[in-house]
Structure formats: structure tokens, C-alpha cells
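First the structure, in the form of C-alpha cells, and then the observations on it.
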Amino acid sequence: MKKTKFYNIHEKLGAKIVDFANFKMPIQYSGIISEHKAVRNSVGVFDVSHMGEIFVRGEKALDFIQHIAVNDASKLGEGRVQYSAMCYEDGGIIDDLLIYKFSDTEYMLVINASNIKKDFKWMNENNKFDVNIVDESDEYSLLAVQGPNSQKTMLKILEEDIELEYYHFIKTKAAGIDVIISRTGYTGELGYEIYFKGDQSAAEKLWNEIFKAGEEFDIAPVGLAARDTLRLEMGFCLYGNDIDSTTNVLEAGLGWITKLKKESFIGKNALLKIKEEGITRKLVAMLSKEKSFPRKDYEISQNGKPIGKITSGTVSPILEKPIALGYVQKEHSAIGNVVNFNIRGKEIPAEIIKLPFVNK
Amino acid sequence: MNIPEKLRYSDDHEWIKVEDNSALIGITDYAQGELGDVVFVDIDPDLESITKGDSFGTIEAVKTVSDLFAPYSGKVLEINEKLADEPQLINTDPYGEGWIIKVEITDLAEIENLLDAAKYKEHIGQ
């Protein structure tokens, strides 16, 4: 089991540590709800160093990315980030990822920790463009600083006085350490993700400087559990829950990143066919007024018949109501349709709504 | 870890506080810590009695759901109504305001067979 460079800090803070994707990760510090609210109301810091960073370098770096990812990376300028996904030939999802463009010949792909090995292997198997693919996941640490006060916090420790736009990044220094900082995140809030190389002392220095800068905003460490409730309130997909190799990007509501007009990419033919024939099920967002809430794999029914399954469920700390994502048969997927969560033998009504659950 | 000396404990991390012919039942500080933020305590309001070892309800935390198991058998005298609006009392005051159910004692031996504080401490490996 690997440890991130912040492990000692997490232990000192009394975090509850769990094994996740081959890492010892903090799942919770003070409590999910208080951590969640710290991010929505002020600012919180996540250690997400377990995420993977793959560098693609070479003359045909763009061609390679266009081939393996569904979004159109030719539209991506230097210093910009793009959300994308990789699919199998049948349209099933290998992973969702962020693509950072440094130059025409250098990109960084940020992938899910649990998929690093699989993705790296897939990329190499499909490297017909002679690009250099390097897994630098072990060298890079990653902190996410998220919340309405994240900008005020970060501006105090960044070398340059920058105003990053959404999904833009720069290389600069923070607390004297070389970083790649992007205005991205998984919470729906104003926020940043900060990538850097360096040993434990550099990591701890950066962490401590961020917390000093955020002290006046009651900055809080946030664990993976609140990261999950925060992303679910926005309806962001989580690989392994809402998307995986058995789901395709179209039924997952990721048609907006899937550029079927792009010349060619792995999975395109299958996705074109699925589009033409129409999807049979759809990932929907459901909100209930009851107290009991569904979890992954709970059944969804209507008029006593099963129509689908929950892929993510929790109680929204902000709405204080059950929220869930799940796949239901297409004919039951309309906004406003009332379905049932089957929770331990009870039917709990829930309405299909338009995302996000919490408006930002 | 708070494990009050005067209480009895079950293997399933409940505490039992004897008051004359009945006892209050709740979950331990250790259990609430493991569960995390409690958001819903689901017990049938018409529940009349509980049977040792059987589930009499569920406790929902954000991350997980857990059954409540009866530490002994008896007639239900009261269910803590405060938990309907303030389930977090289980986190903030597990041995006090966060009590869950009050149950009549019919067989004192059942209570005496439960763990004392030292044994419970051992049970959770502290």
C-alpha cells in the first residue's frame, strides 16, 4: 500500500485512513458534513495525490490523444484543460480524464487512481503514433483547494498574481515550490488543483503555507468521503460507480464531451451505432423528500417493476435530502417522472430532476 | 475513546444503561466514530418489543448503513423522539441525549451476561 507525501500530516490531524486504489488515503477528518460545508461555505483542502499523471510527448502527441479520447483535443489551446474519456471499441468507458496541453508536443493526462495500470497499458497498446508515454504518477503530488475562499487563499502564496479562468492552468511557484495550478475541481465550487513534484518536506511546506493563508477563512482538510458527497451534489460521474466498462458515454450523459464528428477515435463506430439506434437506458438524477436514502446497486422501480439501478446515492448535506444517480430504462427517464428507490424492502418515492442537485 | 464504567455493552457496539426495571440503549462512542455522521435512525414507531439478537431498526450514516441489534429481549417503553430531527445527537452525545430506545427488563440475567467496560474495551481492541 502506497502513502502520499501528506500521510504524516493526515495522521497528525487524526484522519480516518482507508485503503483506496492501492493508497492509504484520508477518508474523513472532523466529519463528512462539516468538511462538506467547509468547501461549500469557505475553503477546504483535499490530498488527491493518488490520482495518476501520464505525460504524452512527441511530434504526434495530438494525433495520439485524438485517437484514444472522445473529446476534440484539437480545440484545446496551450494552458487549457479539457474533460474527456477513453472508450473501448464497443463504446464502454475505460476512464474519464483531464487533458492538460503544455504544447503541441506535450500533454498531461490526469486519470483515476484505480485505473492507472489499466490506462497506461491501454495507451501503450494503442500507441501507433510513436509518442513517448510516461507514467509520472509516483512523482507528482496533487492538492485540491476548493471553495468560495480558495482564490483569496491561493493568491497569498502564489508567486504571480494570477486570475485563472475556468479550466485554464499555468506553471508557477506556490510557497516557493514549482507547481502546475489549474482552475479545476470535483466540487462545483471555485477551486484549484495544484500538481507538484517534491519530497515530503516540500509537500508539508506547501500544505502548511496553504493552511496559514487560509486560516482567516477557517480552511479545513477534507477527506475522500466529503469529496464524494460534493461531487454527487453536482452530479459529476465517478468511475467505478456511475461509469465503467459496461456503460457508454452516451447513456452516461457524457454526449457533450463525445465529438462524433471527429475524424476517428477508438469507440467511434460503436457510439455512432448506439446513437443511431438510440440508447436503451440513461443515467438520471433523482431527489427524494424522504429520509432513507439509497446506495450503490439498490434497485429502482416504477409500478412494482424494476426499471434500473442506483450507481451513487447519499444524503445531500446541503439539501438534507436523499440524492442519487442511477441508470433507468429510457422510457422512464424523463425529468419529473416519479420512481421508487427500493430500500431494504421499502419503496421510497423519488423524482427525476435536472442536474445539478445544488445550484452554484 | 469514551467507555463509561457503569454501562454494559453488547458485541454489536451498543451500550445498556440500567434504570430500575428498564434500560436505555444506545450505540457506543466507538460505534458512532466508525459510522461517522448519522443522518437517520429508522425504527418502526409502532415497535412493541425487541428480541435479543434481532435487528430492531437501522442507523444511517452518510457513508454506511448499520443494523441495530437487540442486546436483550423486552417490551419497548420509549423511542427517543429527538433523534427524528436531530440524529446527529448520536455523534455529539452518544451516551446521553443520543440514546435510542428504552426497553423493559424481564430477565436480569440477560443484562448481567453483557460485557462490562473492561471487556468491551478488549472487544474493540483498545
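Please treat every number below as a calculation from the coordinates, not as lab data. Please read these numbers as outputs of a predicted model, since none were measured by experiment. Quick reminder, even Gly has a Cβ in these numbers, built from the backbone with ideal geometry, and neighbours come from all protein chains shown.
Among B:Val65, B:Val41, A:Val70, which comes first, second and so on when ranked by fewest other beta-carbon atoms within 10 Å?
Neighbour counts put them in this order, fewest first: B:Val65, B:Val41, A:Val70.
Residues of the range A:265-285 with the amide nitrogen closer than 14 Å to a label point 7 Å from the Cα of A:Leu319, along Cα-to-Cβ, please.
Residues A:284-285 qualify, since their backbone N sits under 14 Å from the label point.
For A:Asp178 and A:Ile257, what is the calculated FRET efficiency with R₀ set at 30 Å and r taken between the beta-carbons, to the nearest 0.05?
Working: r = 30 Å, r/R0 = 1.00.
Approximately 0.50, to the nearest 0.05.
Taking 0.36 nm per residue of sequence separation and subtracting the Cα-Cα distance, how much length would be gained by fully extending the chain between A:Gln329 and A:Lys273, in nm to one decimal? Each step should come with its number before you reach the end.
On the way: separation 56, 0.36 × 56 = 20.16 nm, distance 1.83 nm.
Gain on extension, A:Gln329 to A:Lys273, equals 18.3 nm.
Quick one: what does P(r) look like for the range A:122-209 with 5 Å bins over all Cα pairs, in whole %?
It works out to 3, 13, 22, 21, 15, 11, 7, 6, 2, in whole percents.
Name the residue, out of B:Pro87, B:Pro45, B:Pro71, whose mean-square fluctuation peaks in a Gaussian network model built on chain B with Cα pairs under 10 Å.
Of the options given, B:Pro45 has the highest mean-square fluctuation.
What is the mean number of Cβ atoms from other protein chains located within 10 Å of the Cβ atom of each residue in peptide B:37-43, rounded to a whole number?
Mean partner shielding for this stretch: 5.
How crowded by other chains is A:285-296, given as the mean number of beta carbons from other chains within 10 Å of each beta carbon?
Neighbouring Cβ atoms belonging to other protein chains average 2 per residue here.
I need the peptides A:57-63, A:247-253 ranked by packing, meaning the mean over residues of other C-beta atoms within 10 angstrom, with the highest value on top.
Most protected by this proxy first, the peptides run A:247-253, A:57-63.
Could you check the simple spin-label distance between B:His123 and A:Ser103, using points 7 Å along Cα→Cβ, in nm with one decimal?
It is 6.5 nm.
Okay, helix-only estimate at 222 nm for chain B: each DSSP H run of n ≥ 4 adds -39500 (n - 2.57), divide by all residues, round to 500 deg cm²/dmol; what do you get? Can you show the working numbers first?
Details: 5 runs with 27 residues, N = 126.
Estimated from H runs of four or more residues: -4500 deg cm²/dmol.
What number, in percent, do you get for the relative contact order of the range A:119-221 if the mean sequence gap of Cα pairs under 8 Å and at least 6 apart is divided by its residue count?
28 percent
Only helical DSSP H runs with n ≥ 4 go in: add -39500 (n - 2.57) per run for chain A, normalise by residue count and round the 222 nm mean residue ellipticity to 500 deg cm²/dmol. Before the final figure, lay out each step's value.
Values: 8 runs with 77 residues, N = 360.
Calculated from helices alone, the mean residue ellipticity at 222 nm is -6000 deg cm²/dmol.
Which translational diffusion coefficient, to the nearest whole µm²/s, is obtained for the protein assembly as shown from the Stokes-Einstein equation, given a Kirkwood hydrodynamic radius over C-alpha pairs, 20 °C and 1.002 mPa s?
This corresponds to a translational diffusion coefficient of 87 µm²/s.
Which whole-number percent is the relative contact order of chain A (Cα, under 8 Å, 6+ apart)?
Dividing the mean separation by the residue count of chain A yields 18 percent.
Which percent of the Cα-Cα distances in the range B:8-123 go past 22 Å? Walk me through the intermediate numbers first.
On the way: 1680 of 6670 pairs.
Everything past 22 Å amounts to 25 percent.
Fewest Cβ neighbours within 10 Å first, please rank A:Ser288, A:Ser42 accordingly.
Exposure proxy ranking, most exposed first: A:Ser42, A:Ser288.
For peptide B:53-62, how many partner chain Cβ atoms fall within 10 Å of a residue's Cβ, on average?
The shielding value for this peptide is 3.
Using only alpha carbon positions, build the gyration tensor of the range A:313-360, then give the equivalent ellipsoid semi-axes as the square roots of 5 times its eigenvalues, largest first, whole angstrom. Could you put the intermediate results ahead of the total?
On the way: eigenvalues 66, 50, 13 Å².
Semi-axes from the Cα gyration tensor: 18, 16, 8 Å.
Given points 7 Å out from each Cα along the Cα-Cβ axis, report the B:Thr58 to A:Glu163 separation in nanometres with one decimal.
About 5.0 nm separates the two model spin labels.
Which entries in B:Lys6/B:Lys63; A:Lys321/A:Lys360; A:Lys173/A:Lys212; A:Lys5/A:Lys296 show an alpha-carbon gap greater than 21 Å?
Table pairs above 21 Å Cα-Cα are B:Lys6/B:Lys63; A:Lys5/A:Lys296.
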